[in-house]
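Asks: Once you've had a glance at the structure underneath, I'll fire off some questions.
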Amino acid sequence: MSEQHASEPPAEPRVFVQGREVDSYPRYAPEAARGRYLRVTEVGEEVLHRRNADVAAFGTPELARLVDDLFHTMYVCEGVGLAANQVGVDARVFVFDCPDDDGGRHVGHVCNPVLDERPAGGGLDLDEEGCLSVPGPHAELPRAETATVRGFDRDGAPVVLEGAGYLARCLQHETDHTYGRLYIDRLGKRERKKALKQMSEMRNDVFARREETAAKLAGDLGSPP
Ligand SMILES: [Zn+2]
């Protein structure tokens, strides 16, 4: 999911990694320094529009590398979440580094994510949403105001992620990706069309900014551009 909140988080937010609070955490998830910047797929590419394969083999170098690449690419694109099919990989995996509504920061990855059913009477939250695979536009979309995602980490250990507000939105958006659904698929016909038109006007600027950020991030992480 792409970031649209302009305000900077507080200097030392509470940080949660894989759903558990940690005392300190670096500016970038350590995976990013090992990862590569991969091309981000765009709406219309087949891998984005179907349910992806469940991860069957955990603890493999390939899966660890995928998580590394997803983190690196997400930071280059200044996103708060990124799914594997957004870098062209057919696997139900996503990463996130997302603020919550209380100044907290949530970082992690999950394989084979499944959303808990929305509790009866659970409220909806209306906010703007964007996507790195629909580069440029944002559109208002209602989402469940709380979300719980269950899955596994790259080594196969169970993971439970819970969030409210913006974080809940991110968890829903990224889980949707793994099932082949984009946020624009949840918009009305007219809103969807508008988003795609805006994308065609904005995408070149977005790509130019990504190239700049890629070079800067390589410097920050001490890896070659
Ligand atoms: Zn997205």
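Asks: Search region 130-159 for residues that are among the aromatic types (Phe, Trp, Tyr) and pair each with any residue that is assigned to a loop (DSSP other than H, G, I, E, B) when their beta-carbon atoms are under 9 Å apart and the residues are at least 6 apart or on different chains.
Replies: Between residues of region 130-159 that are among the aromatic types (Phe, Trp, Tyr) and residues that are assigned to a loop (DSSP other than H, G, I, E, B), the close pairs are Phe152/Val55; Phe152/Phe58.
Asks: Next question, about the same structure. Can you tell me which residue is nearest to the chain's Cα centre (by Cα) among those in region 48-78 that are closer than 22 Å to Pro135 by Cα and surrounded by fewer than 17 Cβ atoms within 10 Å (Cβ to Cβ)?
Replies: Across region 48-78, the extreme among qualifying residues is Glu78.
Asks: If a residue must be part of a helix (DSSP H, G or I) and hydroxyl-bearing (Ser, Thr, Tyr), how many such residues does region 197-223 contain?
Replies: 2
Asks: Just for region 79-120: of the residues that are surrounded by fewer than 18 Cβ atoms within 10 Å (Cβ to Cβ) and over 17 Å from Arg169 (Cα atoms), which one is farthest from the ligand (Cβ to nearest atom)?
Replies: The qualifying residue farthest from the ligand (Cβ to nearest atom) is Ala120.
Asks: Here is a further query. Are any residues in region 82-133 touching a Cys at 6+ places or on another chain (Cβ under 8 Å) and assigned to a loop (DSSP other than H, G, I, E, B), and if so, which ones?
Replies: Ala91, Arg92, Leu132
Asks: Count, please, the residues in region 162-192 that happen to be under 22 Å from Asn52 (Cβ atoms), aromatic (Phe, Trp, Tyr) and more than 11 Å from the ligand (Cβ to nearest atom).
Replies: Here the count works out to 1.
Asks: Restricting to region 41-78, and then to whatever is under 16 Å from Gly180 (Cβ atoms) and of a type in the set (D, E, K, R), can you tell me which residue is nearest to the ligand (Cβ to nearest atom)?
Replies: Glu42
Asks: Within 28 Å of Val22 (Cα to Cα) and assigned to a helix (DSSP H, G or I): is that true of Glu162 in this structure?
Replies: On the way: within 28 Å of Val22 (Cα to Cα): yes; assigned to a helix (DSSP H, G or I): no.
When the stated conditions are applied, Glu162 does not pass them.
Asks: May I ask you to list the residues in region 11-25 that are loosely packed, with under 11 Cβ neighbours inside 10 Å and either in contact with a strand residue (DSSP E or B) (Cβ under 6 Å, 6 or more places away or on another chain) or in a loop (DSSP other than H, G, I, E, B) (or both)?
Replies: Ala11, Glu12, Asp23, Ser24
Since every read-out is calculated from the coordinates, none of them should be taken as a lab result. Computed from a predicted model, the values in this text were never measured in an experiment. Note that we place each Cβ from the backbone using ideal geometry, even for glycine, and neighbour counts take in every protein chain shown.
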